[in-house]
Every structure is written in structure tokens, then in C-alpha cells.
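First the structure, in the form of C-alpha cells, and then the observations on it.
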Amino acid sequence: MAQVPTSEKPSRREQILAAAAELFARHGFHGVGIDDLGSAVGVSGPALYRHFRSKDAMLGEMLTSISEVLLAGGEARAAGARTPRDTLGELVAFHVDFALDNPSLITVQERNLGNLTDPDRRRVRGLQRRYVEVWVRAIQDAAPAADEPRARAAAHAVFGLINSTPHSRHLDRDAMAALLRQMALSALLDVGSTGAADLNAAV
């Protein structure tokens, strides 16, 4: 994925996407002009068209890449885990790390799906659905009493918890990661418990 930091020197295209993510997160997609993007990477605005045909195409590649990285990472961790609980722990740790290390990308993803072109939106939505399915399977394997709707709702709730971190980082990175992992994993393992059912009955 172009925006996620790597050990190699980023290409000009990757630099543009990284700068765009920061600006879109700070000012909103419609609040950033092509000249703003060019200035952020030290080129003229029109020079960006050598790399992207439009600002829409830039956003499309950015959000598609985020979804591809999350899906590939989730599938790899699910495949490499030894037990259902390990699988869930690996997924939680992976998503927490991604959110904490890429706060601008998380913010752009949360706010700008509606600004994608129809083809890009369909592609991103498809990738996101596949990522959710990885989590639903892992939740049901680790908490067999959880039915599919509850597991799906739990996955989305945990995404909401973890993805809120760009807006509420009150601890240092490692402490925040540990807190999020603990909260998310505890909640997911309890999804199928009778305590949750008793609480629903009492409401």
C-alpha cells in the first residue's frame, strides 16, 4: 500500500498519497485543492497530473489501498494463528497497529467513502465486506455461542472503538495499543456469553 510507511524510500507517487492523506484528514476532501497537494510535496499542482488523472483518482487509490492492506493483513493473520482465540487476538492487534500507525488514513477512510466515484466505491465496499467476514468467522470460532448477526455487529462495534483513536489519543502509542487490545479482545470473547443475553432481556 502506497501510504503505509515502509523501510524503503517512498516513490513520488507514494509521497503524494501520504501528503494527500494528511491534508484530506485535516481539511476534508473538498477543502483541499490540487495546488495544496502540489505544495505539500514541492511541485506545482498541475505536475500531479503526471501521477494521477484527478483528485478523485487519488482518493480512489488511497481508499482502495487501505482496504486491500486490511484484507490481506487480516487473512494472513487468521491463516497463521494456532487457535481461535489466537486468531481473534492477532486480528485485534493488527487492526489496532494499523489505526495507531496510520491515523490520517483511518480518518480519510471514515469520512470520505461518499466522495468516491461509483466504481471505486463498489470496489472498496467489496474489499471491506471481505475483511468483515474474516472477523465474523474468527469471532464465531472463538465465541461459538455468538450467532452470525451478533458476531457481525460485534465486529463493526470493535472497528468503531479502534478507529476512534485518531481523535482521542490520550496515552502514548504503546499504552494506547495495549488498552485497545485489552478492551477489544475482552468484548469480543464475551459476545456469546449468557451475561450479554441476560442484559438484553433486562432492558
Exercise for the section: Restricting attention to segment 119-157, report how many residues are within 21 Å of Val69 (Cβ to Cβ) and touching a Ser or Thr at 6+ places or on another chain (Cβ under 8 Å). Expected result: 7
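Among Thr87, Thr107, which is the only one that is β-branched (Val, Ile, Thr) and over 11 Å from the mean Cα position of the chain (by Cα)? Step through it out loud before you land on a result.
Details: Thr107 fails: over 11 Å from the mean Cα position of the chain (by Cα).
The unique qualifying residue is Thr87.
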Problem - Among (1) under 25 Å from Ala178 (Cβ atoms); (2) buried (at least 17 other Cβ atoms within 10 Å of the Cβ); (3) within 11 Å of the chain's Cα centre (by Cα), the one test that Ser65 misses - result: (1)
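None of the figures in this text is laboratory data; all of them are computed from the coordinates on show. None of these values were measured; they are calculated from a predicted model. Quick reminder, even Gly has a Cβ in these numbers, built from the backbone with ideal geometry, and neighbours come from all protein chains shown.
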